[in-house]
Amino acid sequence: MNRKKKGFGASPQAGPGAAAPRYRGKTPPPSQTQDKDASMTKPPLPIPTREVDKPLTATLRRRFYKSVGVTEGPEGAGVLLDGRAVRTPGRAGLVVPTLALAEALAAEWAAQGESIDPATMPLTALANTALDRVAPERSAILDTLVRYGGTDLLCYRADQPTTLVERQEAAWSPLLDWLATTHGLSLVVTRGLMPVAQPEPTLARLRSVLEGLDLWALTATQALAAAGGSVGLALAVGGGRLSAEEAFTLAHLDDLFQVERWGDDAEARARREALAADMSAAHRFLILARPTI
């Protein structure tokens, strides 16, 4: 890839468009067992992370460029296609905070074949989401995340069978302790079918924590929460407490327990794999967007 230092001039829209929102977060409290369907509606997260839910018959855009490079200027870094700066679907300049992230975006563009497949460009999709959706709708997204955190997966526990109860306690309670120690978030736990309302001071504190995130970290947190069904897990990944792989396993503890008991099926496995890929991409995006000192 070529690297240039220049400003970001006008260019035709070249970024893959964001798909219609797909809602990936679990509905809390999740079904604790297949024998006992305990569920409650959680507000959906409105920002998609990938476009894999488009129909397989959707027409892909043909590749229209030959060379891919990066550019760096005072306002940030970006991607060049045949020397022209890429824009988002919303016509914003695709300017990201670090050269490392721009190079990763450029690698996605360079890897395209005869057609441009947005499903293979998760980092570009996240960058587009940050600039076109999160930036102009920051307050509304914060509101949604706080509501989502008010019914966090980590707070809804099974009351049976004993094996699942013990697994949830061992896996999730240390994370609640970490959230309390690190962020001052004291979340209330419930068991079985009983919903629980988190204290208003806790929700206010959660909003304060989320408000402290920059655009790129908030976008990654949004994507992690959508894929994992938990704002708490998203914060743990962002804070270095968990890897994306660890967070995925904890987010799907109940599902994996059911697989042990009843077996798996191809559709459920494919969905888990897609969500795991989303969490991995969001974590990588978060790391690449952080300036190095």
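The values are calculated or read from the model by the stated rules, or taken from the named source; none is laboratory data. A quick note: this is a predicted structure, and the numbers were derived from the prediction, not measured. Using ideal geometry, Cβ is built from the backbone for each residue, glycine included, and neighbour counts are taken over all protein chains shown.
Flag: E260 does not match the condition of being acidic (D, E) and under 18 Å from P122 (Cα atoms).
Taking region 66-82 as the range and being farther than 24 Å from A289 by Cβ and free of Cβ contacts under 8 Å to residues at least 60 places away in the same chain as the test, the residues that pass are K66, D82. Of the helices (runs of 4 or more DSSP H) lying entirely inside region 208-286, the ones with 2 or more residues being within 11 Å of the chain's Cα centre (by Cα) and either among the polar types (S, T, N, Q) or more than 19 Å from L187 (Cα to Cα) (or both) are found at 215-228.
Of all residues in region 236-275, how many are hydroxyl-bearing (S, T, Y) and under 22 Å from E166 (Cα atoms)? The number of residues fulfilling the criteria is 1. Tell me, yes or no, whether region 211-233 has at least one residue that is of a type in the set (D, E) and surrounded by 19 or more Cβ atoms within 10 Å (Cβ to Cβ). Checked region 211-233: no residue is of a type in the set (D, E) and surrounded by 19 or more Cβ atoms within 10 Å (Cβ to Cβ). Of all the listed residues (T88, T120, T124, T144), the sole one being polar (S, T, N, Q), at pLDDT 95 or above and more than 16 Å from the chain's Cα centre (by Cα) is T88. Entry remark, region 156-174: residues being in a helix (DSSP H, G or I) and either surrounded by fewer than 21 Cβ atoms within 10 Å (Cβ to Cβ) or not hydrophobic (A, V, I, L, M, F, W, C) (or both) number 12 in total.
Look at (1) of a type in the set (D, E, K, R); (2) closer than 17 Å to V196 by Cα; (3) modelled with pLDDT of 95 or more; (4) surrounded by fewer than 22 Cβ atoms within 10 Å (Cβ to Cβ) and you find that E137 fails only one, number (2).
Among the residues of region 196-210, those that are surrounded by 12 or more Cβ atoms within 10 Å (Cβ to Cβ) and either on the phi > 0 side of the Ramachandran plot or not polar (S, T, N, Q) (or both) comprise V196, P199, L203, R205, L206, R207, V209, L210.
The condition (being closer than 19 Å to G150 by Cβ and in contact with a Cys (Cβ under 7 Å, 6 or more places away or on another chain)) is satisfied by just one residue among V231, V209, V188: V188. For region 196-227, residues that are closer than 9 Å to A282 by Cβ and either in contact with a Lys or Arg (Cβ under 6 Å, 6 or more places away or on another chain) or not hydrophobic (A, V, I, L, M, F, W, C) (or both) total 5. Residue check: A289 meets all listed conditions (1) among the aliphatic types (A, V, I, L, M); (2) in contact (Cβ under 8 Å) with a residue 60 or more places away in the chain; (3) closer than 24 Å to L105 by Cα; (4) buried (at least 24 other Cβ atoms within 10 Å of the Cβ) but one, namely (4). Flag: Q258 does not match the condition of being buried (at least 22 other Cβ atoms within 10 Å of the Cβ) and either closer than 27 Å to E108 by Cβ or out of contact with any strand residue (DSSP E or B) (no Cβ under 9 Å at 6 or more places or on another chain) (or both).
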